[in-house]
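The values are calculated or read from the model by the stated rules, or taken from the named source; none is laboratory data. Every value quoted in this text rests on a predicted model; they were computed, and no experiment measured them. Virtual Cβ from ideal backbone geometry, glycine too; neighbours counted across all protein chains shown.
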Amino acid sequence: MTTHPEIAPGVVEIDTLLGGWERMTAGYLITGDAPVLVETGSQTSVPALLDALAALNVDAGTLAGVVVTHIHLDHAGGVGDVAAAFPAATVYVHERGARHLVDPTKLVNSAAMVYGDLLDSLYGRLTATDATRVRVLADGDEVHVSPNRTLTTVDSPGHAKHHLAVHDSESGLLFAGDAVGVRLPDAGILRPATPPPDFDLDQAIASLRKFRHRRPAGIALAHYGLVPDPEAILEEAEGTLRRWAEVAEAAWRRGEDIAAALDAEFGHGPEIDAVDPEVRDRLDTLNGIHSNAAGFQRWLDTRGTAGGHGDQPHPNYPNGVRVQHDRGHGHTHPHRSRPPGREW
């Protein structure tokens, strides 16, 4: 039986069971006068998520808000279905992701071309959310859970331009989405998450330093769970990201295949070879080297280009699409503190 541990006072970890796999994707329920869910997981995770919320006595009129760290399908694919199940909940999202929750057509069509059969079998799609339910968040905005508990948003691009983290005033935990990377408990290895088309090394490092400046008491990863030593994981994340970038850039400058170079450097060795093959397969499905390589490739090819890529996200490479099939009632709604939250 799946349990839902309280990882800090008023913070419950929910395993959203991507693909039926345990400890791959996490959502977090922040309890209080106006409870807020951070991350829904994929659309295929919705039944498990709804069961978990029911077990936690969160009914249709109780949940006041859903925070989406970014709109990749392994994080936001369940938003539309969750919004329908909890009609009192406001959906909070980065301004660059909001329009894709309201009309996910382009997002889903692009995802279908990338994922193929994996889209429906593993992730599912994305049901539209009514525009009146969606509120955009900017850096430093606050979502109120209780009189003495707020979630402060941290604009944190690098992984995606539509990425934000939230910092809980009560527990001190920072819910980091994918900005810190992927570390599955059963693998124990931290990998960066650098998918195309938005990955930007400088922005990613700046986001990690913004997290450090906030001095969180712990960091809650979407993939997966609480990391109690935030200083150590943020230092490790920056160092790991720089090492991957150095290997990628060296291969790019030599005109060599970036994925092959990253695989040779990071796909083998005592740490990764010691991971159970089944767990490694799950890691490669979620955070494959080829998709990370594609992100580095695009960043290297386009950095310095005037105008950048605008705000059109990729079809949701979560952290690792199998590119080349690598093995790889009555509660008040939360609201923004400044200015008043506008509907999308």
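With out of contact with any strand residue (DSSP E or B) (no Cβ under 9 Å at 6 or more places or on another chain) and assigned to a helix (DSSP H, G or I) as the only criterion, which of Trp244, Trp252 stands out?
Of the residues listed, the single one that is out of contact with any strand residue (DSSP E or B) (no Cβ under 9 Å at 6 or more places or on another chain) and assigned to a helix (DSSP H, G or I) is Trp252.
Please state which one of Ala128, Ala160 is among the small types (Gly, Ala, Ser), under 17 Å from Ala222 (Cα atoms), out of contact with any Ser or Thr (no Cβ under 8 Å at 6 or more places or on another chain) and part of a loop (DSSP other than H, G, I, E, B).
Answer to the check: Ala160.
Tell me whether the range 52-67 contains one or more residues that are closer than 23 Å to Leu118 by Cα and of a type outside the set (Asp, Glu).
We begin by selecting, within the range 52-67, every residue closer than 23 Å to Leu118 by Cα; these are none.
Within the range 52-67, not a single residue is closer than 23 Å to Leu118 by Cα and of a type outside the set (Asp, Glu).
Do we find a residue being modelled with pLDDT under 85, under 30 Å from Val145 (Cβ atoms) and among the basic types (Lys, Arg) anywhere in the range 320-337? Don't jump to the end; show me each part of the working.
Taking the range 320-337 and keeping what is modelled with pLDDT under 85, we get 320-337.
With the extra rule that they be under 30 Å from Val145 (Cβ atoms), the set shrinks to 329-337.
Checking the rest, the ones that are also among the basic types (Lys, Arg) come to 336.
Looking through the range 320-337, at least one residue is modelled with pLDDT under 85, under 30 Å from Val145 (Cβ atoms) and among the basic types (Lys, Arg).
Regarding Asp263, is this residue within 30 Å of Ile14 (Cα to Cα) and in a helix (DSSP H, G or I)? Steps first, please.
Working: within 30 Å of Ile14 (Cα to Cα): no; in a helix (DSSP H, G or I): yes.
Criteria not met by Asp263.
Just checking, does the range 105-122 include any residue being surrounded by 20 or more Cβ atoms within 10 Å (Cβ to Cβ) and in a loop (DSSP other than H, G, I, E, B)?
There is no residue in the range 105-122 that is surrounded by 20 or more Cβ atoms within 10 Å (Cβ to Cβ) and in a loop (DSSP other than H, G, I, E, B).
Working only within the range 1-25, note down all residues that are at pLDDT below 95 and small (Gly, Ala, Ser).
Passing the criteria: Gly19, Gly20.
From the list Asp281, Asp257, pick out the single residue that is under 23 Å from Leu73 (Cβ atoms), of a type in the set (D, E, K, R), surrounded by fewer than 17 Cβ atoms within 10 Å (Cβ to Cβ) and out of contact with any Leu (no Cβ under 7 Å at 6 or more places or on another chain). First the steps, then the outcome.
Details: Asp257 fails: under 23 Å from Leu73 (Cβ atoms).
Of Asp281, Asp257, the one residue that is under 23 Å from Leu73 (Cβ atoms), of a type in the set (D, E, K, R), surrounded by fewer than 17 Cβ atoms within 10 Å (Cβ to Cβ) and out of contact with any Leu (no Cβ under 7 Å at 6 or more places or on another chain) is Asp281.
For Ala217, work out the one condition from (1) within 25 Å of Glu13 (Cβ to Cβ); (2) in contact with a Lys or Arg (Cβ under 6 Å, 6 or more places away or on another chain) it doesn't fulfil.
With (1) within 25 Å of Glu13 (Cβ to Cβ); (2) in contact with a Lys or Arg (Cβ under 6 Å, 6 or more places away or on another chain) applied to Ala217, the lone miss is (2).
Select from the range 85-104 the residues that are crowded, with 21+ Cβ neighbours inside 10 Å, more than 17 Å from the chain's Cα centre (by Cα) and within 16 Å of Gln43 (Cβ to Cβ) and write down the one among them that is modelled with the highest pLDDT.
Of everything passing the filter in the range 85-104, Phe86 is modelled with the highest pLDDT.
Going through the range 207-216 one residue at a time, which ones are outside any loop (DSSP other than H, G, I, E, B) and in contact with a Gly (Cβ under 7 Å, 6 or more places away or on another chain)?
Within the range 207-216, the first condition is being outside any loop (DSSP other than H, G, I, E, B), and the residues that meet it are 207-214.
Result: Ser207, single match.
Give the number of residues within the range 139-171 that are under 17 Å from the mean Cα position of the chain (by Cα) and at negative phi. Walk me through how you get there before you give the answer.
We begin by selecting, within the range 139-171, every residue under 17 Å from the mean Cα position of the chain (by Cα); these are 139, 151-168.
If we keep only those that are at negative phi too, we end up with 139, 151-157, 159-168.
Residues that pass the stated criteria total 18.
Any residue at all in the range 178-199 that's surrounded by fewer than 18 Cβ atoms within 10 Å (Cβ to Cβ) and not in a loop (DSSP other than H, G, I, E, B)? Spell out the reasoning first.
We begin by selecting, within the range 178-199, every residue surrounded by fewer than 18 Cβ atoms within 10 Å (Cβ to Cβ); these are 185-186, 188.
If we keep only those that are not in a loop (DSSP other than H, G, I, E, B) too, we end up with none.
No, because not a single residue in the range 178-199 is surrounded by fewer than 18 Cβ atoms within 10 Å (Cβ to Cβ) and not in a loop (DSSP other than H, G, I, E, B).
Yes or no: the range 46-53 includes at least one residue that is touching a helix residue (DSSP H, G or I) at 6+ places or on another chain (Cβ under 9 Å), assigned to a loop (DSSP other than H, G, I, E, B) and surrounded by 16 or more Cβ atoms within 10 Å (Cβ to Cβ).
Restricting attention to the range 46-53, the residues satisfying the condition of being touching a helix residue (DSSP H, G or I) at 6+ places or on another chain (Cβ under 9 Å) are 46, 48-50, 53.
Now narrow it down to the ones that are assigned to a loop (DSSP other than H, G, I, E, B): none.
Checked against the condition, which is being touching a helix residue (DSSP H, G or I) at 6+ places or on another chain (Cβ under 9 Å), assigned to a loop (DSSP other than H, G, I, E, B) and surrounded by 16 or more Cβ atoms within 10 Å (Cβ to Cβ), the range 46-53 yields no hits at all.
Among the listed residues Leu300, Leu286, which satisfies the condition of being at pLDDT 50 or above, under 25 Å from Gln203 (Cβ atoms) and in contact with a His (Cβ under 7 Å, 6 or more places away or on another chain)? Show your work before the answer.
Working: Leu300 fails: in contact with a His (Cβ under 7 Å, 6 or more places away or on another chain).
Exactly one of Leu300, Leu286 is at pLDDT 50 or above, under 25 Å from Gln203 (Cβ atoms) and in contact with a His (Cβ under 7 Å, 6 or more places away or on another chain), namely Leu286.
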